Amino acid sequence: MGIQFKPRSLASFQRRLLGWFRKHSRDLPWRASRDPYRVWVAEIMLQQTRIAAVMPYYERFLQHFPDVRSLADAREEKVLQLWSGLGYYSRARNLHRATKEVVARHGGDFPGTLEETLALPGIGSYTAAAVLSIAKDVPLSVLDGNVARVLARLCAIRGDLRAPRRWRQLQKIAEKLLAQKAPGDWNQALMELGETICTPQTPRCEVCPVSRWCRAYSLGLTREIPAPRKRRAPVKIRVAAAILRDPQGRTILVRDPGAHDDVLFSRMWQFPAVEVARDPAAELAAHLEKILNINAGGLELKALPAARHGVTFRNITLLPFVAQVSRLPRRPRTRVLSIRDLSDLPVSSATKKIAAALSQP
Ligand code: SF4
């Protein structure tokens, strides 16, 4: 079932939502300018991350890299360091690579067409439509989870919204409803409505500017739409990590091809770590012997408080251990540094949690 608006009704629906957005939209830092680069960075940071979490990172990132060229010229290590804690580091790596392409192929200007934009690393159809519509008024509609929920309620579409057929149906509806003359504001208005009023659990229909057009509201179906998503059963994983300390208070970090390097440590500097089953200390010692050539028998690994870490469907328990060593090994792809200087390096939040266990009672 699609939304059936007659032209006049569609125009008044658009006027109403745009008017509401222009009056009530939140004052977010990325809305201060239509510079494509600033919009782009915001859209990438906001993928799978809450607005409140993004804000401080966004400001700091733009202070260091105020434009495409400054980011393109930066070292990857610096980019990852400023992203550190925001998670999903492939976003930062792709953004960095994409700015280099924008400089090399487009003279530093963000491309103006969908095709060229989609050719950049890390940019899918949602991000391309968002940046092009907001920064360049290209009439493209966006569809993400928020917008899909709003549209599904407006049109009383039941079932799993992510099912391919339904998603395509929602895309068509989004295209039909798009306010061609103000695509950027329109897309942001739908997102804003989904984030602030038409929320997943308790939509505030009584203050919704478009309740008059909403079928789910008139049919009393707002709580049934969208249908809850089927979630993958969580997988429990235990990862033991070693903080080796020398008499100078230094430790060693690795680029470890070991446990869950990608999802947990995002291919950044990390403590040596390995997924464990029965005997974490013994398995970790064997891992240290393998990757650092440390004599496992002579190592006294002391357990520190465990920490929980969730990555998508993985329910990870981090088991940090500390061990005093007389000398830290020197190996390729390792880094020796004072634990206090850890924040100078790009490290994932899992690594920070492991380091924090040192200062816990
Ligand atoms: S009336 Fe309620 S369910 Fe419908 S769009 Fe507004 S907030 Fe969402």
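Please treat every number below as a calculation from the coordinates, not as lab data. Keep in mind it's a predicted model, so treat the numbers as computed, not measured. FYI the Cβ positions are ideal-geometry reconstructions off the backbone, even for glycines, and counts take in every protein chain you see.
Counting other C-beta atoms within 10 Å, which of LEU253, LEU299 has the fewest, and how do the rest follow? Present the calculation step by step, with values, prior to reporting the outcome.
Details: LEU253 24, LEU299 18.
Exposure proxy ranking, most exposed first: LEU299, LEU253.
Residues whose amide H lies under 5 Å from that of ILE243, counting only those 5 or more places away or on a different chain, are PHE321, VAL322, ALA323; hydrogens are built 1.01 Å from N in the peptide plane. By the Cα gyration tensor, the range 169-308 has an equivalent ellipsoid whose semi-axes, rounded to whole angstrom, run 54, 18, 14 from largest to smallest.
With +1 on the Cβ of every Lys and Arg and -1 on the Cβ of every Asp and Glu, and nothing else charged, how large is the dipole of the chain about its Cα centre, in debye rounded to the nearest 20?
Working: 58 positive and 32 negative charges, 235 e Å.
Charge dipole of the chain: 1120 debye, to the nearest 20.
Charged neighbours of GLN360, selected by a Cβ distance under 15 Å, balance to +4 (K, R count +1; D, E count -1).
Computed from the C-beta positions of ASP137 and ALA52 and an R0 of 35 Å, the FRET efficiency is 0.75 to the nearest 0.05.
Projecting the Cα atoms of ALA281, THR99, HIS309 onto the charge dipole of the chain (Cβ charges, centred on the Cα centre) puts HIS309 farthest toward the positive pole.
What net charge do the residues around PRO139 carry, taking every other residue with its C-beta under 11 Å from that of PRO139, with Lys and Arg at +1 and Asp and Glu at -1?
Values: positive: LYS136, LYS181; negative: ASP137, GLU175.
Overall, the nearby charge balance is 0.
For the range 198-339, the relative contact order is 30 percent, taking Cα pairs closer than 8 Å that sit 6 or more residues apart in sequence and dividing their mean separation by the residue count.
Provide Rg over Rh for the range 101-150; use the alpha carbon set for both Rg and the Kirkwood Rh (inverse mean inverse pair distance).
Answer for the range 101-150: 1.02.
Note that the range 9-60 carries a Kirkwood radius of 12.6 Å, evaluated over its alpha carbons pair by pair.
When MET45, MET268 are sorted by how many other C-beta atoms sit within 10 angstrom of their C-beta, beginning with the fewest, the order is MET268, MET45.
Once you list every other residue whose beta carbon is under 9 Å from the beta carbon of LEU345, what net charge do they have if Lys and Arg are +1 and Asp and Glu are -1? Working shown, then result.
On the way: positive: ARG335; negative: GLU77, ASP341, ASP344.
Value of the local net charge: -2.
Sequence-ordered 3J(HN,Hα) estimates for the range 343-358 from the Karplus curve with 6.51, -1.76 and 1.60 and θ = phi - 60° stand at 6, 6, 10, x, 9, 7, 5, 5, 5, 5, 5, 5, 5, 5, 4, 4 Hz, glycine and proline given as x. By the count of neighbouring beta-carbon atoms within 10 Å, fewest first, HIS64, HIS287 end up ordered HIS64, HIS287. For the chain, the fraction of alpha-carbon pairs lying more than 37 Å apart is 35 percent, rounded to a whole number. Put a plus charge on the Cβ of each Lys and Arg, a minus charge on the Cβ of each Asp and Glu, and nothing anywhere else: the dipole of the range 7-219 about its Cα centre is then about 880 debye. Spacing of the modelled spin labels on ALA11 and LEU28, each 7 Å from Cα toward Cβ, amounts to 3.1 nm.
Of all segments of the chain bounded by GluC sites (Glu not before Pro) found in a DSSP loop with no more than 16 other C-beta atoms within 10 Å, the longest spans 1-223. Dividing the Cα radius of gyration of the range 7-219 by its Kirkwood radius returns 0.98 for Rg/Rh.
Given contacts defined as C-alpha pairs under 8 Å and at least six residues apart, what's the relative contact order of the chain, whole-number percent? Walk me through the intermediate numbers first.
Details: 559 pairs, mean separation 59.4, N = 361.
Relative contact order for the chain comes out at 16 percent.
Tell me, what is the Rg over Rh of the range 235-359, with Rh the Kirkwood radius over Cα pairs?
Numbers: Rg = 13.1 Å, Rh = 14.2 Å.
Ratio of gyration radius to Kirkwood radius for the range 235-359: 0.92.
Comparing SER9, SER133, PRO203 along the charge dipole axis of the range 7-219, the residue lying farthest to the positive side is SER9, per the Cβ-charge model.
In order along the range 7-13, the Karplus-derived 3J(HN,Hα) couplings, from 6.51 cos²θ - 1.76 cosθ + 1.60 at θ = phi - 60°, round to x, 5, 5, 4, 4, 6, 4 Hz, and Gly and Pro are given as x.
Answer rounded, prolate or oblate for the range 119-185, using the Cα gyration tensor with square roots of eigenvalues a ≥ b ≥ c: rounded when a/c is under 1.5, else prolate when a/b is larger than b/c, else oblate. Please report the intermediate quantities before stating the final value.
On the way: a/c = 2.60, a/b = 1.45, b/c = 1.79.
The shape class here is oblate.
For the residue pairs LYS23/LYS136; LYS78/LYS353; LYS100/LYS176; LYS6/LYS172; LYS23/LYS172, the C-alpha atoms sit more than 24 angstrom apart in LYS100/LYS176; LYS23/LYS172.
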